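Encoded as structure tokens, the structure appears first; notes follow it.
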Amino acid sequence: MTDFNEIKETLVNLDEQRLIELVNEALAKNIPPGDILNKGLIAGMDIVGEKMENEDMFIPEVLMAAQAMGKGVEILKPLLGDEDTSARGSVVIGTVKGDLHDIGKNLVAMMMESAGMDVHNLGVDIAPEEFVRMIKEKNAGILCLSALLTTTMPMMKQTIDAVVESGLRDQVKIMVGGAPVTQVFADEIGADGFAADAGSASKLAKTLAA
Ligand code: B1M
């Protein structure tokens, strides 16, 4: 069995202690932290998602999996950085109103922090007016919106509309992402960029901030 399969299975089995051990063991074997994250933890969470869809796992179990994954991510966090840590501007990031998913959004925030950006992570269920308030308060150059539900994707458009109405649209580049979001959708709602994963989100932010 590969390390990744064992990590995936352990996450699905909700064995947090063993998961922590496996992540540390994989690091000790010099497996790249990005591979442990993508091929182990995120791939395991995809299985959790399938099981949730098929009603083989329910919300409390999914939350336990999310918590266990968080512990694994904490171990990897200091090792996933970008070598260039010069400050690159202020980012406001959050999950849109009505949506409580934050694991992916937190990974994006983490990668941007490691890339030297000044990241203000507002959390989940963030209303358009709160995003607008924080862009002003933090003088943000980049706004990142995350959504994991097809039902909350329209809230991304509503948030962009609120930024336009506030008169701040010219000062801020807007990036969107999350499992159901696509480049086509990003274009449709007038975002400046879309990223499919945390690594490319961080790269795109650097490009947009330049
Ligand atoms: Co939810 N859930 N969930 N859930 N959940 C999904 C998203 C779902 C696909 C599961 C399924 O049915 N297969 C489904 C959505 C279906 C749909 O809309 N198409 C779903 C559902 C239906 C629900 C509820 C409605 C269930 C219910 O109550 N009946 C409910 C909604 C609650 C709400 O938000 N109002 C709900 C609740 C929950 C929990 C609270 C139990 C928990 C969230 C815990 C938490 O986040 N703290 C949860 C979880 C964990 C999931 C799954 C299993 C895993 C999500 C995850 O964390 N993935 C998920 C199934 C799945 O995705 N496989 C599912 C790992 C994470 C690293 O990936 O978030 O995609 P992801 O982030 C990636 C990229 O998308 C990208 O980078 C990240 C890292 O590479 N990215 C960005 C993300 N944000 C970005 C922002 C950017 C750029 C890139 O900015 C520019």
Review point. In terms of modelled amide H atoms, which long-range or inter-chain residues lie less than 5 Å from the amide H of ILE174?
Key: LEU143, ASP192, GLY193
Practice item. From the C-alpha gyration tensor of the chain, pull out the three semi-axes of the equivalent ellipsoid (sqrt of 5λ each), sorted largest to smallest, in whole Å. Key: 31, 20, 13
Revision key, fill the gap. Residue-normalised value, i.e. accessible area per residue, for the chain at 1.4 Å probe, in Å², stands at 49 Å²
Check your understanding: Given H placed on each backbone N at 1.01 Å, which residues far from ALA127 in sequence or on other chains put an amide H within less than 5 Å of it?
Key -> none
Practice item. With label points built 7 Å along Cα→Cβ from the Cα atoms of ALA210 and GLU165, find their separation and express it in nm. Key: 3.6 nm
Practice item. Along Cα→Cβ, 7 Å out, is where each label goes; now give me the distance between the ones at GLU21 and PHE185 in nm to one decimal. Key: 4.0 nm
Review point. Expressed as a whole percentage, what fraction of the accessible surface of region 2-85 belongs to carbon and sulfur atoms when a 1.4 Å probe is rolled over the protein heavy atoms?
Key: 52 percent
Point to revise | Förster radius 35 Å - calculated FRET efficiency between THR151 and LEU79 (Cβ-Cβ, nearest 0.05) | key: 0.50
Check your understanding: Karplus couplings for region 28-39 from phi (6.51 cos²θ - 1.76 cosθ + 1.60, θ = phi - 60°), rounded to Hz, Gly and Pro as x?
Key -> 5, 8, 6, 6, x, x, x, 6, 4, 5, 6, 8
Review point. Residue-wise, which Karplus ³J(HN,Hα) couplings in Hz belong to region 143-152, taking 6.51 cos²θ - 1.76 cosθ + 1.60, θ = phi - 60°, and x for glycine or proline?
Key: 10, 10, 10, 10, 8, 10, 10, 4, 6, 9
Review point. Which of the lysines could a cross-linker bridge to LYS105, judged by Cα under 26 Å and excluding same-chain residues fewer than eight apart?
Key: LYS8, LYS39, LYS51, LYS71, LYS77, LYS97, LYS136, LYS138, LYS157, LYS173, LYS203, LYS206
Practice item. Kindly write out, for region 168-182 in residue order, the coupling ³J(HN,Hα) from the Karplus curve 6.51 cos²θ - 1.76 cosθ + 1.60 (θ = phi - 60°), rounded to whole Hz, with x marking Gly and Pro. Key: 9, 4, 6, 8, 10, 8, 10, 10, 10, x, x, 3, x, 7, 10
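The values are calculated or read from the model by the stated rules, or taken from the named source; none is laboratory data. Since the model is a prediction, treat every value here as computed from it, not as a measurement. FYI the Cβ positions are ideal-geometry reconstructions off the backbone, even for glycines, and counts take in every protein chain you see. Just the protein is used for accessible areas: all its heavy atoms, side chains included, with ligands, DNA and RNA removed. Shrake-Rupley method; radii C 1.70, N 1.55, O 1.52, S 1.80 Å.
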